[in-house]
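Scroll down for the structure; my scribbles are underneath it.
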Amino acid sequence: MPVNFTSRELSEKYDRFAPWYDWVEGVPDLLGVRRLRRRLLRQASGKVLEVAVGTGKNLQYYPRGCRIIGIDLSREMLNVARERAAKLSMEVSPLLADAEALPFSNQIFDTVVSSLSTCTFSDPVAALGEMARVCKPAGRILLVEHGRSNREWLARWQDRHADQFAKPLGCHWNREPLELARKAGLKVVERQRCFFGIFHRIKAEPRSD
């Protein structure tokens, strides 16, 4: 059966995993995600919402002057992000919240960011739709994601092992980030894929129609 966790279950899993998260996520960084983060996040500006901020791995890449609110389901992950922000001498407002029901008014953020998180959302289209809702019409939505490869041999292998891979932390590694973004009503204006088409750099906007 497909692996689907509730928000509470995910929160508990990432609370327990927080001390080791950066060590494990060092693998995708070595495979090209660090470069995608750096290139994408230099486009952030103004009032920024980072959804699923995790341990704050993106913080070092933001331009100075960004006013950042970081939300996450996991209190322990937010604690690590808070410590990282302090070491970087950055003012970041951490908030315990669910990406699928953001506690913000419409159209208030200049930039909305999320990285390596669409794979874990219980309802990724709802979460991406919420990002579009809170983003200003002239704002930008910046995503670094991973998903199903565009090499068919590798994609089939991901499909076969998807449920097994999702069991520890709810990571569905064969989702299609570009397709999900479009279903959520985002207008994709820039995109890049790397490492056998698995990792994505996506710049999008809320649709005006």
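The values are calculated or read from the model by the stated rules, or taken from the named source; none is laboratory data. All values derive from a computational prediction rather than experimental measurement. No Cβ is skipped: glycine too gets one built from the backbone with ideal geometry, and neighbour counts run over all protein chains shown. For the accessible areas, the whole protein counts, side chains as well, though only heavy atoms, and no ligand, DNA or RNA atoms are used. Shrake-Rupley method; radii C 1.70, N 1.55, O 1.52, S 1.80 Å.
Points worth noting:
- Scanning segment 191-200 for residues that are within 20 Å of Leu41 (Cβ to Cβ), open to solvent by 10 Å² or more (accessible area, probe 1.4 Å) and not polar (S, T, N, Q) yields Arg191, Arg193, Cys194, Phe195, Ile198, Phe199.
- Taking the numbered list (1) touching a residue at least 24 places away in the same chain (Cβ under 8 Å); (2) open to solvent by 30 Å² or more (accessible area, probe 1.4 Å) in turn, Pro63 passes all entries but (1).
- Per-region count, segment 45-67, residues assigned to a strand (DSSP E or B) and basic (Lys, Arg): 2
- For Ala204, the conditions (1) at pLDDT 95 or above; (2) closer than 21 Å to Glu25 by Cβ; (3) surrounded by 14 or more Cβ atoms within 10 Å (Cβ to Cβ); (4) not β-branched (Val, Ile, Thr) are fulfilled apart from (2).
- Qualifying residue in segment 160-168 (condition: under 27 Å from Leu49 (Cβ atoms) and of a type in the set (D, E, K, R)): no
- Which numbered condition Glu100 fails, given (1) acidic (Asp, Glu); (2) over 20 Å from Trp173 (Cα atoms); (3) open to solvent by 10 Å² or more (accessible area, probe 1.4 Å): (2)
- Residue that is nearest to the chain's Cα centre (by Cα), among those in segment 77-120 that are among the acidic types (Asp, Glu) and more than 28 Å from Gln164 (Cα to Cα): Asp110
- Candidate set: segment 81-92, residues that are open to solvent by less than 40 Å² (accessible area, probe 1.4 Å) and part of a helix (DSSP H, G or I); chosen: the one nearest to Trp20 (Cα to Cα): Ala81
- Test for Gly139: is it on the phi < 0 side of the Ramachandran plot and under 18 Å from the mean Cα position of the chain (by Cα): yes
- Test result for Val144, open to solvent by less than 30 Å² (accessible area, probe 1.4 Å), touching a residue at least 12 places away in the same chain (Cβ under 8 Å) and under 14 Å from the mean Cα position of the chain (by Cα): yes
- For first residues located in segment 5-20 and modelled with pLDDT under 90, partners that are polar (S, T, N, Q) and lie 6+ apart or on another chain with Cβ distances below 9 Å form the pairs Phe5/Thr120; Phe5/Ser122; Thr6/Ser122; Ser7/Ser122.
- Taking the criterion of being open to solvent by 80 Å² or more (accessible area, probe 1.4 Å) and either within 22 Å of Gly129 (Cβ to Cβ) or touching a strand residue (DSSP E or B) at 6+ places or on another chain (Cβ under 9 Å) (or both), the residues of segment 157-190 that qualify are Glu179, Arg182, Lys183, Lys187.
- Condition check for Lys187: farther than 19 Å from Val53 by Cα, within 18 Å of the chain's Cα centre (by Cα) and of a type in the set (Lys, Arg): yes
- Evaluation of Glu179 against the conditions (1) under 20 Å from Gly32 (Cα atoms); (2) out of contact with any Lys or Arg (no Cβ under 7 Å at 6 or more places or on another chain); (3) without any contact (Cβ under 8 Å) to a residue 40 or more places away in the chain shows that the sole unmet condition is (1).
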